[in-house]
């Protein structure tokens with residue numbers, strides 16, 4: 001049974017409860033998935049030259065990864081509860097490692113896209129399993145802090161993965177990038193295989209995504225998730241072009257902006273324990289309203305690179321709290337169906353990423369970055385209203 005549903009513990013015990021080491025293995029697992037999802041973009045020109053294809057053609061592999069992740073999270077993640085989150089996570093990482101090896105050896109773009117599609121299918125099961133396990137292993141009273149530590153895996157992939165991929169491609173070859181991520185995935189698989197964790201399998205039949213949507217509170221939180229992710233990916237997709245063509249900065253300036261965002265996102269973990277103190281209250285609407293305020297601040301800041309660096313740090317900080325509290329609330333709704341619920345969360349995230357990137361393109365092209373940031377603020381108010389109850 002999940003610790004969320006156990007009787008109340010003594011406050012002193014809660015304060016002294018240690019976050020288990022397995023949480024840091026889950027952090028590394030997130031970092032591996034995040035690295036694969038982000039590394040192709042900076043090395044795409046090198047891949048296109050090597051395989052004799054256009055950059056747009058190469059990036060279809062990235063789209064295939066996103067499509068596979070969303071579809072897998074929607075249709076396969078519900079079996080996590082029946083099979084067991086740890087068992088599914090180990091299986092997913094074995095498949096992910098094989099798919100990354102195939103990516104490193106791909107002789108042409110179609111094979112690279114096929115390998116990344118399989119990697120996406122594995123990631124679509126792995127991410128909900130990671131979030132489910134993070135909630136399950138969290139000490140009572142430290143759920144927010146534990147999930148926050150696991151989420152810093154995204155920071156590792158954003159700051160280290162993206163930066164090192166370009167360096168590795170320059171020094172060796174783009175295939176070395178996928179080879180390195182493959183070795184990391186294999187290492188994560190071995191750590192998961194020998195961690196000694198055993199599943200408590202739910203005897204509740206696996207439910208369909210539609211049935212999971214009917215659980216109290218799920219639909220509202222997924223609406224909030226969709227608006228939250230559409231706003232983020234819609235703005236992030238065109239931030240680099242705005243810095244380069246709008247502010248006349250070199251491409252390297254994009255990397256510093258990403259680092260600033262990543263430091264904010266990762267640095268927020270040190271405040272998660274303080275946030276846990278207020279966990280009994282419904283703070284999520286206020287956190288989403290704070291994210292909306294960050295987007296509003298982007299409107300005047302969009303004319304200055306220095307101001308945007310500061311806003312990017314605040315953006316990462318606020319997004320960490322929003323994502324953390326969203327996962328904690330979703331995972332607590334029904335522990336017996338946690339895998340299905342977190343699968344819906346991952347599916348919503350990736351479909352919203354696709355919709356946000358696609359829909360913000362005409363906004364950015366026609367009206368500029370400031371208007372895109374304003375629309376993102378409006379979406380965040382929808383998220384705030386959806387979680388107000």
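The values are calculated or read from the model by the stated rules, or taken from the named source; none is laboratory data. None of the values given here were measured: they were computed from a predicted structure. Positions of Cβ are backbone-derived with ideal geometry, glycine not excepted, and every protein chain shown enters the neighbour counts.
Determine if the stretch 67-90 includes at least one residue that is closer than 26 Å to residue 25 by Cβ, assigned by TED's automatic domain parsing to the domain that holds residue 131 and part of a loop (DSSP other than H, G, I, E, B).
Yes - at least one qualifying residue is present in the stretch 67-90.
Tally up the residues in the stretch 297-343 that are free of Cβ contacts under 8 Å to residues at least 60 places away in the same chain, part of a loop (DSSP other than H, G, I, E, B) and either assigned by TED's automatic domain parsing to the domain that holds residue 83 or under 20 Å from the mean Cα position of the chain (by Cα) (or both), please.
0
Please go through the stretch 28-48 and pick out each residue that is touching a residue at least 12 places away in the same chain (Cβ under 8 Å) and over 13 Å from residue 158 (Cα atoms).
29, 43, 44, 46, 47
Confirm whether residue 274 is modelled with pLDDT under 85 and closer than 17 Å to residue 321 by Cβ.
yes
Looking at (1) part of a helix (DSSP H, G or I); (2) touching a residue at least 12 places away in the same chain (Cβ under 8 Å), which is the one condition that is false for residue 110?
Failed condition: (2).
Taking residue 268, is it at pLDDT 90 or above and under 30 Å from residue 370 (Cβ atoms)?
It is false that residue 268 is at pLDDT 90 or above and under 30 Å from residue 370 (Cβ atoms).
Specify the residue that is surrounded by the most Cβ atoms within 10 Å (Cβ to Cβ); the eligible residues are those in the stretch 211-234 that are in a helix (DSSP H, G or I) and modelled with pLDDT under 90.
The selected residue is 234.
Could you please let me know if residue 122 is within 22 Å of residue 21 (Cβ to Cβ) and assigned to a helix (DSSP H, G or I)?
no
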